[in-house]
Amino acid sequence: MSTHSILLIDDDRDLAELLGEYLSAEGYRLEAAYTGEDGIEEIANHHFDLVLLDVMMPGIDGFETLKRIRQTSIVPVLMLTARGEETDRILGLEMGADDYLAKPYSHRELLARIKALLRRIELDRTQQNDDSGIMACHGVELNFDTYRVYCDGEHIPMTTSEFKVLRVLMTRAGKAVPKEDLYLEVLGREIMAYDRSIDMHVSNVRRKLGGTSEQSKIQTIRGIGYMFVDPNQ
């Protein structure tokens, strides 16, 4: 059975109790924080493998909570958003969420997302052991030992999902990488209709690496996906 520890940040105490019972039966340990402030404190003082973060909360909302979490932690965050609120999903991804799930959702659907993200974490740890050292291309360096990104010698803070996007694209530099591959290798799940998660992660990486759209190190390959430019080709 899994021993992964998950933090739920949500003001709905009934939901927390029900979800805790369900995930416990599946082998997960769920802790709950009912305000953004309490959630931030929990993350600062304890280790969690994954955070489930609700957008709508009293006090500081999910977006502000996420912003403060990302100032000190790269823990994977799955945001829980209102169904149909695409702006919430886009904003959450722009601010550093790894994935999102729209409410209302079934426990089975949530469990599938949790498993997908945690599966990616385990694969990342294996790859990190296998890929120790540095990958460099086009002025960008990935340090697999520290999970840090450097562009032209400058440290560029990135979330775990953004780091994974770069790793997949740089591993295949000069070749088009289908979006379907990015979803599987970065988020651990298949692409769904109207899902823009990977597009937003790529957009975030582009912005952080800098340069104009014409000079971007990551090019859009229409109808396929994305490509990290190899200047030697």
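The values are calculated or read from the model by the stated rules, or taken from the named source; none is laboratory data. Remember, it's a predicted structure, so these values are computed and weren't measured experimentally. Cβ: placed from backbone, ideal geometry, glycine included. Neighbour counts: every protein chain shown. Heads up: the accessible areas ignore ligands, DNA and RNA and are worked out on the full protein's heavy atoms, side chains in. Shrake-Rupley method; radii C 1.70, N 1.55, O 1.52, S 1.80 Å.
Brief remarks follow.
- Residue check for Leu118: at pLDDT 90 or above, under 30 Å from Tyr22 (Cα atoms), open to solvent by less than 30 Å² (accessible area, probe 1.4 Å) and touching an Asp or Glu at 6+ places or on another chain (Cβ under 8 Å): yes
- The stretch 205-226 - residue that is open to solvent by less than 50 Å² (accessible area, probe 1.4 Å) and of a type in the set (Gly, Ala, Ser) and, of those, modelled with the highest pLDDT: Gly225
- Residue count for the stretch 16-28 under the criterion of being free of Cβ contacts under 8 Å to residues at least 40 places away in the same chain and either buried (at least 21 other Cβ atoms within 10 Å of the Cβ) or touching an Asp or Glu at 6+ places or on another chain (Cβ under 9 Å) (or both): the result is 2.
- Candidate set: the stretch 124-182, residues that are open to solvent by 60 Å² or more (accessible area, probe 1.4 Å) and among the β-branched types (Val, Ile, Thr); chosen: the one modelled with the lowest pLDDT: Thr126
- Hits in the stretch 51-89 - residues which are open to solvent by 40 Å² or more (accessible area, probe 1.4 Å), farther than 25 Å from Arg119 by Cβ and assigned to a helix (DSSP H, G or I): Glu64, Lys67, Arg68, Glu86, Thr87
- You will find that of Val229, Val202, Val186, the residue that is out of contact with any Lys or Arg (no Cβ under 7 Å at 6 or more places or on another chain), open to solvent by less than 80 Å² (accessible area, probe 1.4 Å) and among the hydrophobic types (A, V, I, L, M, F, W, C) is Val202 and no other.
- Candidate set: the stretch 90-104, residues that are closer than 18 Å to Arg196 by Cβ, touching a Lys or Arg at 6+ places or on another chain (Cβ under 9 Å) and not charged (D, E, K, R); chosen: the one most open to solvent (accessible area, probe 1.4 Å): Met95
- In the stretch 29-39, the residues that are open to solvent by 40 Å² or more (accessible area, probe 1.4 Å) and either more than 25 Å from Thr159 (Cα to Cα) or in a helix (DSSP H, G or I) (or both): Glu37, Asp38
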